[in-house]
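The values are calculated or read from the model by the stated rules, or taken from the named source; none is laboratory data. Since we're looking at a predicted model, the values are computed, not measured. Here the Cβ positions follow ideal geometry from the backbone for every residue, glycine too, while neighbour counts run over all protein chains shown.
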Amino acid sequence: MRVAIVHYWLVSMRGGEKVVEALCDMFPDADIFTLVYDESRVSEKIRGHVVKTSFLQRLPGAIRHYQSLLPLMPFALESLDLSGYDLIISSESGPAKGIIAPPHSTHVCYCHSPMRYIWDHYHVYRSHAGLASRIMLPVIAPLLRSWDVSTSMRVDRFVANSHHVRARIGKYYGRSATVVYPPVAVEDYAPSDAVEDFYLCAGQLVSYKRVDLAVRAFTKMERNLVVIGEGKELAMLKSIAGPSVKFLGRVPFSVLKEKLARCRALIFPGEEDFGLVPVEAMASGRPVIAFGSGGALETVVPEQTGLLFYEQSIEAIIDAVRSFEEHAEEFDPETIRTYAARFSTRNFKFGMDSIIQEELRARKSSTLAAISHAETRRFPLDSVFPVPPPGTDIVH
């Protein structure tokens, strides 16, 4: 069986790329298809596979400015040649599911999220975009939405990374989905005997993650906050931060692991489709203070693995931090770690394998049923070739 893994773009190692790594483990001979590829910024495991790119790869500056090529992405995806592949697994958060699969193949889509920037986060993205994007988005977004909905019918089976995403798949695509939580290498994290006097924010520094709220809240409280990550918001965040907020930028895994284990708690102020960082913090034995929406509702258990606040505001974060500090001793690191184990890579692989095998069996049964039906139907010869009436002379 020839297997293809399709991922929107491979230019960094975040949650979506961790899913690709787990799929690579499951299918070590699979080929990977992607829009653009930066070999220097992905893992050795991904580099060990054949990676095939779209024509966007050849455009000057595509790797750095790939997001500005959004109008071309449908054309680029449909240009990818997947002829001969029996199983196609698309890892979808951009438009990856839009590939054209061969008729005999099985296409399973692992959906991290329908494209946020044309659906539920459209107005947020547009308000934070540059002038050119603000002008162009109202023109191209309706076309992309139509394409996105129509290509959802190219998928044989949807898998969602959370119940939150499953609901959005149902709303925007009218398709059902099975939930399999994304893989977290929980065994790579461990608690520390020494918890230090700082809170932690970690992840990509983009507007919808609302790190600005955490920076303003901790500046106002004069509490120590460490921010790990890089992104378009970094300069702005530094400009509003007080002396109690420290920015580390992009750090090696060893540093991230240490900070997760030694922080008082992780601050998670954005709405995520799932959110890997809270699970990584819990695997390190540390509680999470999160905005009570999206994936956090499925990973953070109030009073057991953390606290939730229900308004994205500075005041709500301050109140949540103060409430946490009143009950900090009640959070047990081992209880938190035990809960995090349900999001393991092993559980992801088991769930995905079960779904894939089920779809392959269904595809095989459907094919056999079609063949059987065709063989049992006997069309009379005269329905194809006219038969002359008896007694008619036939000229040879």
Determine if the range 179-187 includes at least one residue that is under 30 Å from Val255 (Cα atoms), assigned to a helix (DSSP H, G or I), β-branched (Val, Ile, Thr) and within 19 Å of the chain's Cα centre (by Cα). yes
Among Arg47, Arg64, which is the only one that is at pLDDT below 95 and among the basic types (Lys, Arg)? Arg64
For Gly84, all conditions in the list (1) buried (at least 18 other Cβ atoms within 10 Å of the Cβ); (2) touching a Pro at 6+ places or on another chain (Cβ under 8 Å) hold save one; what is the number of the exception? (1)
Given the criterion at pLDDT below 95 and hydrophobic (A, V, I, L, M, F, W, C), identify the matching residue among Val206, Val215, Val227. Val206
The range 10-22, residues that are within 20 Å of Leu77 (Cα to Cα) and either crowded, with 21+ Cβ neighbours inside 10 Å or in contact (Cβ under 8 Å) with a residue 40 or more places away in the chain (or both): Leu10, Val11, Gly16, Val19, Val20
Scan of the range 28-48 for residues that are surrounded by fewer than 20 Cβ atoms within 10 Å (Cβ to Cβ) and within 16 Å of Leu87 (Cα to Cα), ordered by number: Pro28, Asp29, Asp31
State whether the residues of the range 136-153 include one that is surrounded by 15 or more Cβ atoms within 10 Å (Cβ to Cβ), outside the structural domain of Gly275 (by TED's automatic domain parsing), within 17 Å of the chain's Cα centre (by Cα) and not aliphatic (A, V, I, L, M). yes
